[in-house]
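Worksheet: one structure, shown below.
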Amino acid sequence: MAQQRDRRQFGQILKLGSGRFQARYSDPDGLVTKDGKRLRHKAPYTFDTRTDAEAWLIDERRLISSGTWTPPAERQARRREKALTFGEYAPRWLAARKVKGQPLADRTRDHYQDLLDRIILPTFAHVELKAISPERVADWYDTTAPDRPTTQAHAYSLLRAIMRTAADPTKHNGRPLIPFNPCGISGGGSSGSKRRVRPATAEEIATIVAALPERHRLLVLLADGCALRFGELCELRRSDIDLTNAVIHVRRGVVRSRSAGVVAKAPKSEAGIRDVPIPPDIVDAVREHIGLHAAPGPKGLLFPGRDSEHLSPSAFYGKVSKKRRGKLPTTGWGWYEARRLAAREDLRFHDLRHGALTEAARHGATLAELMALGGHSTNQAAMRYQQAASDRLAELVRKRAEARGWAARSD
């Protein structure tokens, strides 16, 4: 039976021999087929009634008028594509991620991968991106690492960043993978109050230094006296030490990551490249250490590890001694045992740097001076040490009062 055509102002409706209806229309851009005929777009299915076919044509014309039209066949093909899951998208996001136009640092990439593997993927690996709702995110957040606020905040920040990219049309050829970012928990990326650091006293530093092997003692003295990072200390070489002018030239740091191994490279920012004065009371200790323990040659490491390679964290940190019921106690050594002997098992090696910068602030260092000493590229980090030294304000106020003739009462 011949098809019955219904010519309209926009498109055509054909009644098929089966009694169903087919809708079609000419390409809105005037495209033609290879044989020169007008290109027509058909509905991907037929309709029970003429009214249904008309409704489809109306919807198509609306898409053309709004500028959001794409060929019906393409839309149908996209709908048939397998829905993308978070577990499929996250590795692609991590591989393509850039910060300020640069690929992620190796340790940052390792950190993100660890958060994905341990915290995020166990919940969302097999969930379609479009099925990740605000309610689902909130439930995951409330039950994920609630006793580890820093881990919880880092994991949430990573999930939010991934979903933000998925919702960004500029990242996916103008077509977002999800309509909006479902991660909208206020303050979810913040871990609240930071750990409060209690700087080590001079007596505690002396105890720790005395308990360490001779080849590692200067590490603590330089961290406490020069505010150097562990990675910066491990990459110091003979040529970086200027004993004549009592200066350390910080030019590189060693970074360890699972993906890249041990890598010596320049600091993250230009501010990390700096000259740090050596406190006069430890210059002799630096000279003695170089003579006894540094690797030979101008490029010899100041703190060589096994086979003159970089000192590994495990070789420095060691282990703490432990009492065992019915057995002899285990013997401790290294940083962990030394801080135990000083009754400062809460003290982290990085806290020595914190203490050095805090003391500099107490003695009147300006914000610019703290940034130069610590190798900070922004003032936010340096301001923490000024705030930590805020008790000095009371001393300054008291001195001003004394200068005006005030005297403390003896009672």
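The values are calculated or read from the model by the stated rules, or taken from the named source; none is laboratory data. Bear in mind that the values here come from a model prediction, so they are computed numbers and not experimental data. A quick note on method: Cβ atoms are made from the backbone with ideal geometry, for glycine too, and the neighbour counts reach across all protein chains shown.
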**Prompt:** Given the conditions (1) surrounded by fewer than 19 Cβ atoms within 10 Å (Cβ to Cβ); (2) modelled with pLDDT under 85; (3) touching a Ser or Thr at 6+ places or on another chain (Cβ under 9 Å), and given that ALA389 satisfies all but one, which numbered condition is not satisfied?
**Reply:** (1)
**Item:** Single condition ARG404 does not satisfy, out of (1) modelled with pLDDT of 75 or more; (2) not assigned by TED's automatic domain parsing to the domain that holds GLY261
**Value:** (1)
**Prompt:** Filtering the stretch 268-308 down to residues that are without any contact (Cβ under 8 Å) to a residue 40 or more places away in the chain and part of a strand (DSSP E or B), which residue is farthest from the chain's Cα centre (by Cα)?
**Reply:** PRO304
**Matching residues in the stretch 180-231 - criterion: being under 20 Å from the mean Cα position of the chain (by Cα), closer than 23 Å to GLY291 by Cα and free of Cβ contacts under 8 Å to residues at least 40 places away in the same chain** = GLY231
**Request:** Show the residue pairs that are 6+ apart or on different chains and have beta-carbon atoms under 9 Å apart, the first residue being within the stretch 65-81 and outside any helix (DSSP H, G or I) and at pLDDT 75 or above, the second being β-branched (Val, Ile, Thr) and loosely packed, with under 10 Cβ neighbours inside 10 Å.
**Result:** none
**Prompt:** Quick one: ASP346 ticks every box in (1) assigned to a helix (DSSP H, G or I); (2) acidic (Asp, Glu); (3) in contact (Cβ under 8 Å) with a residue 60 or more places away in the chain bar one, so which box is it?
**Reply:** (1)
**Request:** Kindly provide the set of residues from the stretch 331-366 that are over 32 Å from the mean Cα position of the chain (by Cα) and at pLDDT below 85, ordered by number.
**Result:** HIS363, GLY364
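Give the residue, chosen from TYR25, TYR45, TYR112, that is of a type in the set (Phe, Trp, Tyr), assigned by TED's automatic domain parsing to the domain that holds ALA167 and either at negative phi or assigned to a strand (DSSP E or B) (or both). Quick ask: steps written out before the conclusion?
Working: TYR25 fails: assigned by TED's automatic domain parsing to the domain that holds ALA167; TYR45 fails: assigned by TED's automatic domain parsing to the domain that holds ALA167.
Matching residue, one of TYR25, TYR45, TYR112: TYR112.
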**Fill in**
Over the stretch 315-330, the set of residues under 33 Å from the mean Cα position of the chain (by Cα) and not in a loop (DSSP other than H, G, I, E, B) is ALA315, PHE316, TYR317, LYS319
**Message:** For the stretch 239-280, give me the residue count where each residue is modelled with pLDDT under 90, closer than 19 Å to THR378 by Cα and either touching a His at 6+ places or on another chain (Cβ under 6 Å) or surrounded by fewer than 18 Cβ atoms within 10 Å (Cβ to Cβ) (or both).
**Reply:** 5
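Listed residues LEU292, LEU302, LEU311; which is closer than 16 Å to LEU222 by Cβ and touching a Pro at 6+ places or on another chain (Cβ under 8 Å)? Spell out the reasoning first.
On the way: LEU292 fails: touching a Pro at 6+ places or on another chain (Cβ under 8 Å); LEU302 fails: touching a Pro at 6+ places or on another chain (Cβ under 8 Å).
From the options LEU292, LEU302, LEU311, the qualifying one is LEU311.
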**Prompt:** Restricting the search to the stretch 237-267, which residues are in contact (Cβ under 8 Å) with a residue 24 or more places away in the chain, in contact with a helix residue (DSSP H, G or I) (Cβ under 8 Å, 6 or more places away or on another chain), under 30 Å from THR108 (Cβ atoms) and among the hydrophobic types (A, V, I, L, M, F, W, C)?
**Reply:** ILE248, VAL250, VAL254, VAL255, ALA260, VAL263
**Complete:** Expected output for the stretch 352-374 (first residue touching a residue at least 60 places away in the same chain (Cβ under 8 Å), partner among the charged types (D, E, K, R), Cβ below 8 Å, 6+ apart or cross-chain) is LEU352/ASP224; ARG353/ARG229; GLY355/ASP224; ALA356/ASP224; ALA360/GLU369; ALA372/ARG274; LEU373/ARG274; GLY374/ARG353
**Request:** Look at GLY253 and say whether it is outside the structural domain of ALA105 (by TED's automatic domain parsing) and under 20 Å from the mean Cα position of the chain (by Cα).
**Result:** yes
**Asked** Here are some conditions: (1) in the same structural domain as ALA166 (by TED's automatic domain parsing); (2) of a type in the set (D, E, K, R); (3) surrounded by 12 or more Cβ atoms within 10 Å (Cβ to Cβ). LYS98 meets all but one. Which one does it not meet?
**Response** (3)
**Request:** Check LEU177, LEU221, LEU158, LEU129 and return the single one that is hydrophobic (A, V, I, L, M, F, W, C) and assigned by TED's automatic domain parsing to the domain that holds LEU341.
**Result:** LEU221
**Item:** Positions within the stretch 141-195 being of a type in the set (S, T, N, Q) and either surrounded by 12 or more Cβ atoms within 10 Å (Cβ to Cβ) or not in a helix (DSSP H, G or I) (or both), in sequence order
**Value:** THR144, THR150, THR151, GLN152, SER157, THR165, ASN173, ASN181, SER186, SER190, SER191, SER193
